[in-house]
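Sharing a structure, written as structure tokens. Questions coming.
The values are calculated or read from the model by the stated rules, or taken from the named source; none is laboratory data. Here the structure is a predicted model, which is why all the values come from computation and not from measurement. Every residue, glycine among them, receives a Cβ derived from its backbone with ideal geometry; neighbour counts consider all protein chains shown.
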Amino acid sequence: MENKKFYMTTAIAYTSGKPHIGNTYEFVLADAIARYKRSQGYDVFFQTGTDEHGQKIELKAEEAGVSPKEFVDGVAAQVKEIADMMNTSYDKFIRTTDEYHEKQVQKIFKKLYDQGDIYKGHYEGMYCTPCESFFTESQLVDGKCPDCGRKVQPAQEEAYFFKMSKYADRLIEHINTHPEFIQPVSRKNEMMNNFLLPGLQDLCVSRTSFKWGIPVDFDPKHVVYVWLDALTNYITGIGYDCDGENNEFFNKNWPADLHLIGKDIIRFHTIYWPIFLMALDLPLPKQIFGHPWLLQGDGKMSKSKGNVIYADELVNMFGVDAVRYFVLHEMPFENDGVITWELMVERMNSDLANTLGNLVNRTISMTNKYFGGNVTDKGVTEEVDADLRAITENTPKAVDEKMDKLRVADAITEIFNLFKRCNKYIDETMPWALAKEDDKKDRLETVLYNLIQSISAGAELLSSFMPETAEKILAQLNGGNVTDKPEILFQRLDLEEVMKKVEELHPPVQEEKGDDVIDIEPKEEITFDDFMKLQFQVGEIIACEEVKKSKKLLCSQVKIGSQVKQIVSGIKAHYTAEEMVGKKVMVLVNLKPAKLAGVLSEGMLLCAEDAEGNLALMTPEKTMPAGAEIC
């Protein structure tokens, strides 16, 4: 019987620069899912690649003094190198500068134009260059881009538009009747409430203010808007032909079973992409999963912030599988994960060197010491064996259950719970004590055989997530005929030594006088008496939720001493409701209450704002109780 197909994609990486570990995480996550599906017997086709057109790239190339094609060739090579370094088993690496893709995009644009879905007009609005997106004034958040928080510029130009509203009702119905279509559910709710239900505006699908894009062949001064170009890679990469001559591979694999993307581009994939497909009379993908971000410390990675960590740096320090383990294990299903060098060292030492590495090492060592490296099941069982056998048998089912829901971190936790149970089994059975009694030899051999079987079962499951490590474990255990000398899988690391190496990689920047400062328009002077009228206290946010019908407001319940005040803040573009809970913040307590978007606000949370419009809540340097006076 032919294996069931499974076509999955990552978002294609934008070639504006070298991907950091947060970008690389998506490759590894997709690879783990692809490998697991293959282990279940699926005929998997895993596509990734690079998104190579747009104004931002044109500007980057100009800055670098090279042509746009030379620039994207260099970055695409870096992206591919990183994907290969991380041992990702992709089947195709597509580039949007591939000739076949470009020709199909031109045909798609013409087809949509000819059938009346695209029309010519002009655009006047606020444009965000990094996001390659136009916004109306009402869509901006505090006058900034609602997606990235950066400044926008007024722009007007002739453009082609796609009639989004024509398909909106059909898309709403599809989302409502296919609950698995957008995951997690919170992403679905965001798209429905913030974009679809309020009504879709027509989408600008061409530009004339730059040249680095696919030309509209019947109107060459226009280039195809980057999202119409980029999104169609999911069909062109597997043989879609707009003239109706799709190849067999396309017919077999479309619709995609899974689009794996970052949460920041969920709107493009769950609104624009399905509507484009409807217009092309193609089935919609079965599932779109918007994964959270991997943050450095307490913020999104950004070159301008100087907090970027790259995959090659981590691999040089810890090894490929250790990095794979970390990014997969530390990323929750729905909320953002955090990566720091310190946390990497902690996981390396506790989970990998101790829980897993030491378990394999001492099992092999004891098998060699007591039985010359070869054990079989002597059938001398005790009650303690039943629990180990039960968790060994149940772990594959538990991992299946988690992976079916794309809860990859939870699946890895299940596997490591098995390894932890094996360590406990050693403590319970005490093989070293059994070895001292001649009449316990068969019991000792049974214990070691049980260990080898359970560890091997765990290693088989681990192969989707840490393929090289799993292969090493299985080769060393060899079904009970173990290797002569165990290989050290993971070396324990000294945190101080690691941090010295990190400092060498990223030496502290010595700022010149005047750097990293902002001058703002001075306000009217106030007297000391004026200042004393303001009451500032430390507050603890005990609950927070988004304000319905608002794109920028969060409503926080703030504990201040024995009181709880409700405070509404325009910081939704910078903090999620989940992130807010538990924070200690600076509060202006005696601000006259007012209603914002119909919700009562009884104070103000104080923030700092940089030149790009990024906000940071003001928090106490040291631990302070809720209610402490700020003076």
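On the basis of being at pLDDT below 95, more than 16 Å from Q47 (Cβ to Cβ) and not aromatic (F, W, Y), does I271 make the cut?
Details: at pLDDT below 95: no; more than 16 Å from Q47 (Cβ to Cβ): yes; not aromatic (F, W, Y): yes.
Against the criterion (at pLDDT below 95, more than 16 Å from Q47 (Cβ to Cβ) and not aromatic (F, W, Y)), I271 does not qualify.
Return only the number of the condition from (1) modelled with pLDDT of 95 or more; (2) under 26 Å from R324 (Cα atoms) that P486 does not satisfy.
Going through (1) modelled with pLDDT of 95 or more; (2) under 26 Å from R324 (Cα atoms) one by one, P486 breaks only (1).
Moving to a separate point now. Going by the conditions given, is D43 over 24 Å from the mean Cα position of the chain (by Cα), surrounded by fewer than 17 Cβ atoms within 10 Å (Cβ to Cβ) and not hydrophobic (A, V, I, L, M, F, W, C)?
Criteria met by D43.
Would a scan of the range 571-590 turn up a residue that is within 32 Å of the chain's Cα centre (by Cα) and acidic (D, E)?
Yes, because at least one residue in the range 571-590 is within 32 Å of the chain's Cα centre (by Cα) and acidic (D, E).
For (1) modelled with pLDDT under 90; (2) within 20 Å of M618 (Cβ to Cβ); (3) not in a strand (DSSP E or B), each residue gets a yes or a no:
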{"residue": "E521", "(1), (2), (3)": "yes, no, yes"}
{"residue": "I541", "(1), (2), (3)": "no, yes, no"}
{"residue": "K549", "(1), (2), (3)": "yes, no, yes"}
{"residue": "K572", "(1), (2), (3)": "yes, yes, yes"}
{"residue": "G582", "(1), (2), (3)": "yes, yes, yes"}
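Would you mention how many residues in the range 187-200 are surrounded by fewer than 16 Cβ atoms within 10 Å (Cβ to Cβ) and either modelled with pLDDT of 95 or more or not aliphatic (A, V, I, L, M) (or both)?
Of the residues in the range 187-200, 4 are surrounded by fewer than 16 Cβ atoms within 10 Å (Cβ to Cβ) and either modelled with pLDDT of 95 or more or not aliphatic (A, V, I, L, M) (or both).
Right, here's the next one. Just need a number here: residues in the range 549-571 that are over 12 Å from L596 (Cβ atoms) and of a type in the set (K, R).
3
Rundown of residues vs (1) under 15 Å from N253 (Cβ atoms); (2) under 17 Å from the mean Cα position of the chain (by Cα); (3) in contact (Cβ under 8 Å) with a residue 60 or more places away in the chain, yes/no style:
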site	(1), (2), (3)
T9	yes, yes, yes
I21	no, yes, yes
T24	no, yes, yes
V28	no, yes, yes
A32	no, yes, yes
Y36	no, no, yes
T50	no, yes, no
Q55	no, no, yes
E58	no, no, yes
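Moving on to the next point. Can you tell me which residue within the range 436-483, out of those that are acidic (D, E), more than 19 Å from E393 (Cα to Cα) and part of a helix (DSSP H, G or I), is modelled with the lowest pLDDT?
In this case the residue turns out to be D438.
Within the range 370-421, how many residues turn out to be closer than 22 Å to V482 by Cα, among the β-branched types (V, I, T), crowded, with 18+ Cβ neighbours inside 10 Å and over 30 Å from the mean Cα position of the chain (by Cα)?
Total satisfying the criteria: 2.
May I ask you to list pairs of residues, at least six apart or on different chains, whose Cβ atoms are under 8 Å apart, with the first in the range 176-205 being touching a residue at least 40 places away in the same chain (Cβ under 8 Å) and the second being among the acidic types (D, E) and surrounded by fewer than 18 Cβ atoms within 10 Å (Cβ to Cβ)?
Every condition considered, the pairs that remain are P184/E334; S186/E334.
Right, here's the next one. Inspect the range 64-78 for any residue being modelled with pLDDT of 95 or more, within 15 Å of L258 (Cα to Cα) and not hydroxyl-bearing (S, T, Y) and give the result as yes or no. Walk me through how you get there before you give the answer.
Taking the range 64-78 and keeping what is modelled with pLDDT of 95 or more, we get 65-78.
Next cut, within 15 Å of L258 (Cα to Cα) only: none.
So far as the range 64-78 goes, no, none of its residues is modelled with pLDDT of 95 or more, within 15 Å of L258 (Cα to Cα) and not hydroxyl-bearing (S, T, Y).
Further question on the same structure: Could you check, for the range 81-96, whether at least one of its residues is part of a strand (DSSP E or B) and within 16 Å of W212 (Cα to Cα)? Please lay out each step first, then the result.
In the first step, residues of the range 81-96 are kept if they are part of a strand (DSSP E or B); the result is 92-95.
Those still in the list that are within 16 Å of W212 (Cα to Cα) too: 95.
Yes, the range 81-96 has at least one match.
Continuing with this model, one more query. Sort out which residues of the range 20-31 are surrounded by 24 or more Cβ atoms within 10 Å (Cβ to Cβ) and either assigned to a loop (DSSP other than H, G, I, E, B) or acidic (D, E) (or both), and write them in order of number.
Matches in the range 20-31: D31 only.
Mind listing just one residue for me: the one in the range 138-168 that is among the basic types (K, R) and closer than 30 Å to E609 by Cα and, of those, surrounded by the most Cβ atoms within 10 Å (Cβ to Cβ)?
Among those that are among the basic types (K, R) and closer than 30 Å to E609 by Cα, it is K144.
Residues in the range 243-256: is at least one of a type in the set (D, E, K, R), under 15 Å from F162 (Cβ atoms) and surrounded by fewer than 24 Cβ atoms within 10 Å (Cβ to Cβ)?
No; the residues of the range 243-256 include none that is of a type in the set (D, E, K, R), under 15 Å from F162 (Cβ atoms) and surrounded by fewer than 24 Cβ atoms within 10 Å (Cβ to Cβ).
Taking the conditions exactly as written (part of a strand (DSSP E or B) and surrounded by fewer than 18 Cβ atoms within 10 Å (Cβ to Cβ)), does P179 satisfy them or not?
No.
Please count how many residues of the range 225-275 are touching an Asp or Glu at 6+ places or on another chain (Cβ under 9 Å), under 23 Å from F210 (Cβ atoms) and not acidic (D, E).
Summing the residues that are touching an Asp or Glu at 6+ places or on another chain (Cβ under 9 Å), under 23 Å from F210 (Cβ atoms) and not acidic (D, E) in the range 225-275 gives 8.
For every residue, the table says whether it meets (1) at pLDDT below 95; (2) under 22 Å from the mean Cα position of the chain (by Cα); (3) closer than 16 Å to Q287 by Cβ.
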residue	(1), (2), (3)
A230	no, yes, no
N233	no, yes, no
C242	no, no, no
E245	yes, no, no
F249	no, no, no
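Of everything in the range 585-595 that's over 18 Å from Y575 (Cα atoms) and in contact (Cβ under 8 Å) with a residue 40 or more places away in the chain, which residue is surrounded by the most Cβ atoms within 10 Å (Cβ to Cβ)?
Applying the first criterion (over 18 Å from Y575 (Cα atoms)) to the range 585-595 yields 588-595.
In the following step, the residues that additionally are in contact (Cβ under 8 Å) with a residue 40 or more places away in the chain were identified as 588-590.
Working: L588: 16, V589: 21, N590: 13.
This residue is V589.
Residue check: is I238 crowded, with 17+ Cβ neighbours inside 10 Å, within 19 Å of R95 (Cβ to Cβ) and over 21 Å from the mean Cα position of the chain (by Cα)?
Considered against the rule, which asks whether it is crowded, with 17+ Cβ neighbours inside 10 Å, within 19 Å of R95 (Cβ to Cβ) and over 21 Å from the mean Cα position of the chain (by Cα), I238 comes out as yes.
Right, next: Could you list, in sequence order, the residues of the range 99-139 that are of a type in the set (D, E) and in contact with a Gly (Cβ under 7 Å, 6 or more places away or on another chain)?
E132
So which of V408, V380 is modelled with pLDDT of 95 or more and more than 30 Å from R35 (Cβ to Cβ)?
V380 is the lone residue from the list that is modelled with pLDDT of 95 or more and more than 30 Å from R35 (Cβ to Cβ).
Another question about this same structure. Return yes or no: is N193 out of contact with any strand residue (DSSP E or B) (no Cβ under 7 Å at 6 or more places or on another chain), part of a helix (DSSP H, G or I) and either farther than 27 Å from C148 by Cβ or small (G, A, S) (or both)?
Details: out of contact with any strand residue (DSSP E or B) (no Cβ under 7 Å at 6 or more places or on another chain): yes; part of a helix (DSSP H, G or I): yes; either farther than 27 Å from C148 by Cβ or small (G, A, S) (or both): no.
Criteria not met by N193.
Could you check how many residues of the range 584-631 are part of a strand (DSSP E or B), aliphatic (A, V, I, L, M) and more than 30 Å from V152 (Cβ to Cβ)? Break it down into steps so the answer makes sense when it comes.
So in the range 584-631, the residues part of a strand (DSSP E or B) come out as 584-588, 594-596, 599-601, 604-605, 607-609, 615-617, 629-630.
Going one step further and asking which of them are aliphatic (A, V, I, L, M), we end up with 585-588, 594, 596, 599-600, 604-605, 608, 615-617, 630.
With the extra rule that they be more than 30 Å from V152 (Cβ to Cβ), the set shrinks to 587, 600, 630.
Residues that pass the stated criteria total 3.
A follow-up question, please. Being among the small types (G, A, S), touching a Phe, Trp or Tyr at 6+ places or on another chain (Cβ under 7 Å) and in a loop (DSSP other than H, G, I, E, B) is the filter here, so list the residues in the range 196-249 that pass it.
First, the residues of the range 196-249 that are among the small types (G, A, S): 199, 206, 209, 213, 230, 237, 239, 244.
Still in the running and touching a Phe, Trp or Tyr at 6+ places or on another chain (Cβ under 7 Å): 206, 239.
Answer for the range 196-249, where residues must be among the small types (G, A, S), touching a Phe, Trp or Tyr at 6+ places or on another chain (Cβ under 7 Å) and in a loop (DSSP other than H, G, I, E, B): just G239.
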